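First up is the structure itself, then whatever we jot down about it.
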Amino acid sequence: MKALFFPGCTVPVRNLNYELAARKVAQALDLELVDEPGFGCCGFPLRSLAVADSLLLAARNLALAGASGLPLVTLCSACAGTLAEAAHSLDHDEAVRDQVNEQLAQLGLSYTPGQRVFHFIRFLVTEVGLDRIEAKVVRSLKGWRFSPHYGCHYLKPSQVSGGFDDPHRPVTLKRLIEITGAESIDDGRTADCCGGGLLGLNEELANKMSLSRLKAAGDREVDGLVLICPFCNVMLEGQQKKIGKQFDLPIKVPIFFYPQILGLALGYSPDELGFKLNRVKNKELAEAFG
Amino acid sequence: MAEAVIDLSRADLGLAEEVAARPGGASLRACFTCGACTAACQVHRQGPDYDPRRIIRLVLLGQREEVLSSPFIWQCATCYSCQEICPMGVRFADLSFVLKNLAVEEGYSPPSLTAQVELLRGHGRLYEITDFENQKRTDLGLPEIREKAADFQVMLADLSGRLAGRAEAESEA
């Protein structure tokens with residue numbers, strides 16, 4: 001199985017542990033990730049300023065992807081959402097498509113309808129399949145407890161994500177945690193927003209949103225919160241210390257990216273999965289599988 | 001938006017038309033003020049002053065300046081909870097983008113957002129890629145990445161010019 005890898009801006013610079021673990025997981029699952037050096041920003045940062053320009057940036061990436069004939073996968077929920085929404089509107093609105101293609105012509109590019117866009121995690125669920133993943137598990141994470149954090153753009157808007165999971169009560173990340181043998185803990189806040197979209201505009205409000213998420217996981221004494229998005233990581237790991245200080249609460253919730261957890265079950269070592277780059281660490285877990 | 005009374009003598013009834021005509025704005029008129037959006041809003045839960053239903057009403061009642069100059073339109077976290085729950089199919093997260101775009105056109109953009117345009121023009125990405133980043137990647141066995149800024153210079157020339165023109169008009173005023 002092959003897919004085109006869309007790195008986005010943040011993951012390849014700030015979350016090398018996520019990228020490393022995802023590439024290892026793909027390798028173990030016989031999923032070849034093809035790199036396309038021409039990819040740039042997905043367009044998400046421009047949506048608030050000018051949606052038409054955001055769409056053009058997304059369309060450029062989709063046009064580049066089209067040449068490969070492969071489905072596109074990305075580790076970033078903002079990239080996945082922006083590119084999927086762009087493909088949806090370009091596929092369904094001929095007038096928009098014509099206009100965008102006129103602009104893309106300046107770059108020698110053109111978008112042909114039908115480009116498929118997946119969040120990497122969704123690709124694992126719907127294209128690779130849970131059975132095939134489970135068959136590759138070589139060691140169990142039995143006894144470890146993780147809370148899944150879905151974030152927003154992995155699931156929503158559901159009009160675009162096509163109903164592969166329930167946007168109100170999602171289960172896919174729970175299932176993915178469970179196939180490693182670990183326990184998935186429903187702390188009541190698994191589908192919450194981290195507040196990342198507000199960080200640059202109203203930090204206090206953004207921090208309050210993450211505080212509520214971290215407290216829920218902390219109250220259940222989980223071994224880690226399992227993320228699938230670099231912006232959730234900025235908030236829940238990057239801001240965690242600051243949030244604890246700001247609200248004067250002793251918060252320490254270890255943070256992982258899902259492929260790091262699956263990677264352990266597939267037989268990779270914590271080092272191979274970039275555990276040293278995690279900032280709020282769980283040393284016991286790293287030692288148990290080291 | 002803290003004012004409790006809406007002054008209808010200042011109503012600009014073209015505002016709703018203008019919003020509805022933009023991509024993502026057409027669902028506006030279906031709102032019957034049930035408040036499901038506000039109940040589902042994750043930002044509202046932490047900061048109750050932020051109220052999607054009220055923003056929709058203000059648009060429908062033509063309160064142009066109050067809406068477009070409000071810090072509240074920038075507080076949508078784009079989590080889409082409102083949009084998923086709305087019984088009338090109002091796409092409030094999309095409407096928020098329309099309102100923010102209009103606000104930018106009228107000179108109300110937060111500097112942190114406009115700075116991103118210049119980053120993207122310069123690097124084609126939000127973070128500059130230097131040898132330092134690639135060395136870290138190579139050490140971990142990850143492929144190098146390269147900036148492809150030339151296309152972004154072309155694609156963003158117009159937006160950058162519009163924002164610069166706006167800033168100039170502001171400083172002259």
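Each Cα pair under 8 Å and six or more residues apart adds its separation to the average, and for segment B:111-172 the resulting relative contact order is 36 percent. Loop-located chymotrypsin sites (Phe, Trp or Tyr not before Pro) in segment A:134-215 (DSSP state other than H, G, I, E, B) with a sparse environment of at most 16 neighbouring Cβ atoms within 10 Å: A:F164. Summing +1 for each Lys or Arg and -1 for each Asp or Glu among the other residues whose beta-carbon sits under 11 angstrom from that of A:V13 gives +1. Could you calculate the FRET efficiency of B:E118 with A:E287 from 1/(1 + (r/R0)^6), where r is the beta carbon distance between them and R0 is 45 Å, rounded to 0.05? Efficiency, from the Cβ-Cβ distance: 0.50.
In a DSSP loop and with at most 10 other Cβ atoms within 10 Å, the trypsin sites (Lys or Arg not before Pro) in segment A:103-169 are A:K142. From the alpha carbon centroid of segment B:79-102 to that of segment A:49-87 is 21 Å. Scanning residues 5 or more positions from A:G151 or on other chains, those with amide H under 5 Å from its amide H are A:D192, with H placed 1.01 Å from N in the peptide plane. Between A:E203 and A:S269, the contour length at 0.36 nm per residue exceeds the Cα-Cα span by 20.1 nm.
For segment B:44-50, 3J(HN,Hα) computed residue by residue from phi via the Karplus equation (6.51, -1.76, 1.60; θ = phi - 60°) reads 4, 4, 9, x, x, 5, 7 Hz, glycine and proline entered as x. In order along segment A:109-126, the Karplus-derived 3J(HN,Hα) couplings, from 6.51 cos²θ - 1.76 cosθ + 1.60 at θ = phi - 60°, round to 10, 8, 9, 9, x, x, 5, 8, 10, 10, 5, 3, 5, 5, 4, 4, 6, 8 Hz, and Gly and Pro are given as x.
Rg and Dmax over the alpha-carbon atoms of chain B stand at 19.9, 66 Å.
For A:H92 and A:A67, the difference between the fully extended length at 0.36 nm per residue and the C-alpha to C-alpha distance is 7.0 nm. For segment A:197-268, the set of chymotrypsin sites (Phe, Trp or Tyr not before Pro) satisfying both a DSSP loop assignment and a count of at most 15 other C-beta atoms within 10 Å is given as A:F247. In the protein assembly as shown, helical runs assigned H by DSSP with n ≥ 4 each contribute -39500 (n - 2.57); averaged across all residues and rounded to the nearest 500, the mean residue ellipticity at 222 nm is -13500 deg cm²/dmol. Note: relative contact order over segment A:177-272, using C-alpha pairs below 8 Å and six or more positions apart, is 29 percent.
Residue by residue, segment B:74-91 carries 3J(HN,Hα) couplings of 8, 9, 6, 8, 6, 8, 6, 4, 4, 5, 5, 9, 4, x, 9, x, 6, 9 Hz when phi is fed to the Karplus relation 6.51 cos²θ - 1.76 cosθ + 1.60 (θ = phi - 60°); x denotes Gly or Pro. Each Cα pair under 8 Å and six or more residues apart adds its separation to the average, and for chain A the resulting relative contact order is 20 percent. Rounded, prolate or oblate: pick one for segment A:139-267, where a ≥ b ≥ c are the square roots of the eigenvalues of its C-alpha gyration tensor, a/c under 1.5 means rounded, and failing that, prolate if a/b is larger than b/c, else oblate. In terms of gyration-tensor shape, oblate. Annotation: extensible slack from A:S110 through A:A52 equals 19.3 nm (criterion: 0.36 nm per residue apart, minus Cα-Cα distance).
Using the alpha carbons alone, the radius of gyration of chain A stands to its Kirkwood radius in an Rg to Rh ratio of 0.97. B:R162 sits among other residues whose Cβ lies under 10 Å from its own Cβ, and their net charge, with Lys and Arg +1 and Asp and Glu -1, is -2. Based on alpha carbons, the Rg and Dmax found for segment A:2-120 are 14.1, 43 Å.
Taking Lys and Arg as +1 and Asp and Glu as -1, the other residues whose beta-carbon sits under 11 Å from that of A:C193 total +3. For A:V138 and A:D219, a Förster radius of 41 Å and the Cβ-Cβ distance give a FRET efficiency of 0.80, rounded to the nearest 0.05.
Since every read-out is calculated from the coordinates, none of them should be taken as a lab result. These numbers come from a predicted model, not from an experiment. Virtual Cβ from ideal backbone geometry, glycine too; neighbours counted across all protein chains shown.
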